[in-house]
Amino acid sequence: MANHLIDEKSPYLIQHAHNPVDWFPWGETAFQKARDEDKPIFLSIGYATCHWCHVMAHESFEDQEAAEALNDAFVCIKVDREERPDIDAVYMAACQMVTGSGGWPLNVMLTPEKQPFFAATYLPKQSRFGRPGIMEICAQIQTLWQTDRQRVLQAADGVSGHLDQAFTFVPDTAVPMDLDLLDRAYAQLSRSYDPKFGGFDPAPKFPTPHRLLFLLRHHHRTDTPHALEMVTHTLYAMRQGGLWDHVGFGFHRYSTDSRWLLPHFEKMLYDQALLAMAYAEAFQVTRDEAFCRTAEEVFAYVLRDMTHPDGGFYSAEDADSEGEEGKFYVWDLAAFAELAGRTDGDIPWHEIFNLRPDGNFTDEATRRKSGANILHMTRNWDQWAKALNLPIDTLLERWHDLRASLFKNRRQRIAPLKDDKVLTDWNGLMIAALAVGARVLSRDSYAVAARKAIDFIQSRLTTGEGQLMHRFREGQAVIDAQAGDYAYLIMGLIELYRTTYQADLLEYAIHLQKRMDDGFWDSAQGGYFLIRAENEELPVRPKEIYDGALPSANSVAFSNLVLLSRLTGDQRYEARADDLSRAFAATVHRQPLAFTHFLNGLDLALRPGREVVVTGEAAADDTRNILKALQLPYAPHLVTLLKSDQNAEQLTRMAGFTSALSPDKGVATAHICVGANCKESTTEVDIMLKHIQNKP
């Protein structure tokens, strides 16, 4: 029989709709039931492609005995963290406060007033190795709730009393926000860098592409060779390792080991977006075709497998299929060799991809080899071409043929679940990535896909009153947009404007920035809350700055505000960016390594603004030549606008400093401006590039 999740649209909640646990969605119905029946709440938070969420579900939530214990002791609530990042943020903070760590599944016990008093991540059904089990916890909490309620309430008061501190940031105008902060972050990254396998910190190893983007900017500013070496080594290592899907493209979530071999196999949209940006920008700096090829293949995967027919982007693909993690992605040596021999028998493909008869990895849970192999490379394509005495292009062409055969064969397997909900924030991030890809890789089709996704958001995720929504699935758009939705969508709009120069994109970004300011800005302490005041239904109103798997909404907003200031000449954006930076200055100073996307915004803010306003007809060859020349070099501080007869009035309205600049009939002109003050003008590309190549 179905429980109360049966009418939900979230794939994660639907996964649990037929559990014997009497799950409720988050809402007043569940909390009123808890009050009426005098029970605490069991809140379980996860997401559809979470491997350990599946493990706990199979072990406990699908088990009749465990379900009866949960139903007897609690009113049970399920939350998709991707649908409700605000709920996840608050109770993850509680978990970290109580246990010192966090993760998913996240399981929190609450009073009916939503105050947390116990928290944990994965819980087995029965206690083992010092880890409490569901059965024991249910019995203990039920006894305490009925016989020693005051003890539970005191614990709840203790956690809730400190919970607000997790989201309190006191502005500090005395802390210097200067280049030294960027240098300190670089030094910390250097110390945490793995010189053998690339990446940062010990296993489990996450891609953290915003760190790589920070290092590219540091290299651009300081010419430090090691900054670029860390980036290129890490990008090569991830691309050659098992983190990369060599057959179907795209990156898995993270590596459980230090050498990027054994991943958790889920694929997240946001990882594809951030990594595609990192590879594209690395190509822009180095002109290394391997980075270009990887970015293109990430986009190929997203546009092939993760795109709604009308243009939005799906959220994720699961790690598990047929109840087994990674089964869809691994290979038996004999099956692989048969396909390789049938396609191309004279190249040792099994050696290139390190396949072994007994398997090439040890299972994380059993600590044994299973005969399964994860394709990965320990030498790059250039090295193999040299070893095989083949031209690199020939080797890659033959791999292309074999890969197509492997891909066709793999499609006959049962595929992992696709989480096909469309999230505004993650879509904004992919729009930004496609815009960067179109600009850097000269692929107009990426810009077309990005524009189609914006149209999707405007038509499917925006109400008739202009209210932005967070999630769309199966014709239903729900949940008011949160700060991350605005920040990431504004980021996407700005990046696509910088690629296509379509003025309506900039206008929409300005419109959304005003809505974000009006709805989320903390007028007392600065920075943006995650939710609007009128949507507050939690013990605290969360506000975040930490850049984890995803950069925080405040970090993204910081860069957005600086760029809007440069694009429009409106100093109110710069003033707000300064207020935002002061709100988090003390926090960032304590551990700058944890805020590298925020520091990308600071790098942009600290370097003197440089804008180029191109006047001319958008379709004219001379205009296109100037714009193309501006987009090719790596210049993260450079902002370009296009003013034509068609958009002159609109652009003047948005960027008043361009009012005196008029398109000259038949002659495209580049006006070089600093701080919205335009001084130099030229029609010659070479002269223009000399003006902008001097680093600010």
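The values are calculated or read from the model by the stated rules, or taken from the named source; none is laboratory data. Predicted, not measured: the structure shown is a model, and the values here were computed from it. Don't worry about glycine lacking a Cβ; one is built from the backbone with ideal geometry, like all the others, and counts go over all protein chains shown. Side chains are part of the model used for accessible areas, which takes the heavy atoms of the whole protein and leaves out ligands, DNA and RNA. Shrake-Rupley method; radii C 1.70, N 1.55, O 1.52, S 1.80 Å.
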Self-check item: Förster radius 22 Å - calculated FRET efficiency between Asn677 and Leu179 (Cβ-Cβ, nearest 0.05)
Solution: 0.40
Self-check item: Cysteines without a disulfide-compatible neighbour (Cβ-Cβ under 4.7 Å), the chain
Solution: Cys76, Cys95, Cys138, Cys292
Quiz item: Over the heavy atoms of Thr378, what accessible area does a 1.4 Å probe trace out, to the nearest 10 Å²?
Solution: 100
Exercise. Specify whether the C-alpha gyration tensor of region 165-221 places it in the rounded, prolate or oblate class, a ≥ b ≥ c being the square roots of the eigenvalues: rounded for a/c under 1.5, otherwise prolate if a/b is larger than b/c and oblate if not.
Key: oblate
Exercise. Can you figure out the FRET efficiency of Thr147 with Gln32, using R₀ = 25 Å and their beta-carbon distance, to the nearest 0.05?
Key: 0.55
Quiz item: What pairs from Lys205/Lys267; Lys452/Lys514; Lys39/Lys543; Lys267/Lys421 go past 25 Å between their alpha carbons?
Solution: Lys39/Lys543
Quiz prompt | Percentage relative contact order, region 431-583, counting C-alpha pairs under 8 Å, at least six apart | solution = 18
Self-check item: Helical contribution to [θ] at 222 nm, DSSP H n ≥ 4, -39,500 (n - 2.57), averaged over the chain, rounded to 500
Solution: -15500 deg cm²/dmol
Exercise. Run the numbers on region 91-153 and let me know its relative contact order in percent, using alpha-carbon pairs under 8 Å that are six or more apart.
Key: 21
Exercise. Could you provide, to the nearest whole Å², the per residue accessible area of region 100-155 with probe 1.4 Å?
Key: 49
Practice problem: Grab the Cα-Cα distance for Lys386 and Met1, subtract it from 0.36 nm times how many residues apart they are, and report the gain in nm with one decimal. | Solution: 132.4 nm
Quiz item: At a 1.4 Å probe radius, carbon and sulfur cover how many percent of the accessible area of the chain?
Solution: 49
Quiz item: Per-residue accessible area for Ile77 at 1.4 Å probe radius, Å² rounded to 10?
Solution: 0
Exercise. Please work out how much length the chain gains when fully extended from Ala586 to Ala619, using 0.36 nm per residue of separation minus the C-alpha to C-alpha distance, in nm with one decimal.
Key: 7.0 nm
Practice problem: Before anything else, pin down the relative contact order of region 1-137: Cα pairs under 8 Å, at least 6 apart, normalised by residue count, whole percent. | Solution: 26
Quiz prompt | Gain on full stretching of the segment that runs from Asp310 to Glu537 - 0.36 nm per residue minus C-alpha separation | solution = 78.4 nm
Quiz item: Ignoring ligands, DNA and RNA, how do His589, His246, His162 rank by accessible area with a 1.4 Å probe, largest first?
Solution: His162, His589, His246
